[in-house]
1. Can you send over the carbon and sulfur percentage of the accessible area for the chain, probe radius 1.4 Å, protein chains only?
2. Can you give me the orientation-averaged projected area of the convex hull built on the Cα atoms of region 218-280, in nm²?
3. With a/c under 1.5 counting as rounded, go ahead and sort region 180-299 into rounded, prolate or oblate using the C-alpha gyration tensor (a ≥ b ≥ c being the square roots of the eigenvalues; past the cut-off, prolate if a/b is larger than b/c, else oblate).
4. Hey, got a sec? Which trypsin sites (Lys or Arg not before Pro) in region 117-217 land in a DSSP loop and have at most 10 other Cβ atoms within 10 Å?
5. If packing is taken as the mean number of other Cβ atoms within 10 Å per residue, what is the order of 166-174, 63-71, highest first?
6. Hey, got the dipole for the chain? About the Cα centre, +1 on K and R Cβ, -1 on D and E Cβ, debye to the nearest 20?
7. Using the structure shown, list the pairs from K191/K221; K249/K298; K67/K224; K67/K287 with a Cα-Cα distance above 20 Å, or answer none.
8. Do you know the relative contact order of the chain, to the nearest whole percent, from alpha carbon pairs under 8 angstrom that are 6+ apart?
Amino acid sequence: MDTTVDKLLQDATLALSHMDSGRSGSIHFYEDSMEETVIREDRIEKSLRTIIYSGGNDNFYLCYQPKLDLTTKRITGFEALARLKLEDLGFVSPLEFIDIAERRQLIYDLGRIILKESCEFISGAHAMGFDDIGVSINISGIQLLRKEFVEDVSELAKQFEMDLGCLEFEITESVLLENYEIINHKLKQLKDMGIKISIDDFGTGFSSLARLKELNIDIVKIDKYFIDAVAEKDKDSLITADIISMSHKLGLKVVAEGVENREQLYYLEKNNCDIVQGYLISKPLRKQEAIEKLEESKL
Ligand code: C2E
Ligand code: CA
Ligand code: CA
């Protein structure tokens, strides 16, 4: 067994990094799994750095999940979802690699690649005659807080000669928990440029319906939890209808995510939800498949 002083110190440092920073005086033991986690994270970080350095490569791409407009029964947009596939690790969930990118200061540069690819997709779809197609992009708080973010986005739109109204930014409620004033001001700047702002995973975080009034947003995206409640005839399903009607009263559009069955769709239609997204309509698709889906939807 490797028991050099260096190794002992390394293990102790690892154990230390797993301590709850708010608590003093607690004891933590080194476990082998801690080392495995760090090795895995280092591997993912390295691949993200390579992707950023090369401006994108085959290991990293976006999938586009269709959104169905319940009024027109047409697909009017997609959510861009990042994918990472590595030879040794296989598919890595965005929940894992986005978190690593955030903690290791890579999210801004990775986010730029995501934004650029999304703009490319939009302008490609427009060139094919799907001119009202938009894409929503998940944006981390760290991206919003960077002072050059707004400028970068408008530069990109210029580069693609794109109307910013085709872009939607999805922000989770947790992003607003810290730096509320600054973030809400940034949202106003983006909204003034024509970008639509959506509150993602709505209902799971801190935002009350009352708070929505003062937020610079256009859309409420109801979390899957409240969509699942519909099928389970849970009493939370009553809240789902309330979220829709209250949002409408505030002049906001409503998107339901994670729609998996007809019962949920029927409920959402009946309660005037504007847009639905989920496996019932389609799984996230590769770029080419997404375009095919648009062609089908036109028929
Ligand atoms: P999210 O923004 O809430 O995205 C929705 C997640 O639900 C996606 O998982 C999607 O594939 C999945 N989903 C869609 N429809 C259904 C359904 O009917 N049933 C079920 N069970 N799941 C459904 P995914 O792609 O694994 O993304 C997970 C999370 O990773 C996202 O949650 C988002 O927070 C983050 N993420 C993904 N792409 C990006 C990105 O480009 N930037 C940032 N900052 N975060 C991203
Ligand atoms: Ca989202
Ligand atoms: Ca969501």
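The values are calculated or read from the model by the stated rules, or taken from the named source; none is laboratory data. Predicted model, so just to flag it, every value in this text is computed and none were measured. Note: ideal-geometry Cβ built from the backbone for every residue, glycine included; neighbour counts use all protein chains shown. Ligands, DNA and RNA are excluded from the accessible area calculation, which covers all protein heavy atoms including side chains. Shrake-Rupley method; radii C 1.70, N 1.55, O 1.52, S 1.80 Å.
1. Details: 8330 of 16030 Å².
After summing per-atom areas, the C and S share lands at 52 percent.
2. 3.5 nm²
3. Values: a/c = 2.12, a/b = 1.18, b/c = 1.80.
Cα axes put region 180-299 in the oblate bin.
4. Listed in order of number, the matching sites are K147.
5. Packing proxy ranking, top to bottom: 166-174, 63-71.
6. Values: 37 positive and 55 negative charges, 172 e Å.
Using Cβ point charges on Lys, Arg, Asp and Glu, the chain gives about 820 debye.
7. Over 20 Å apart, Cα to Cα: K249/K298.
8. Relative contact order of the chain: 16 percent.
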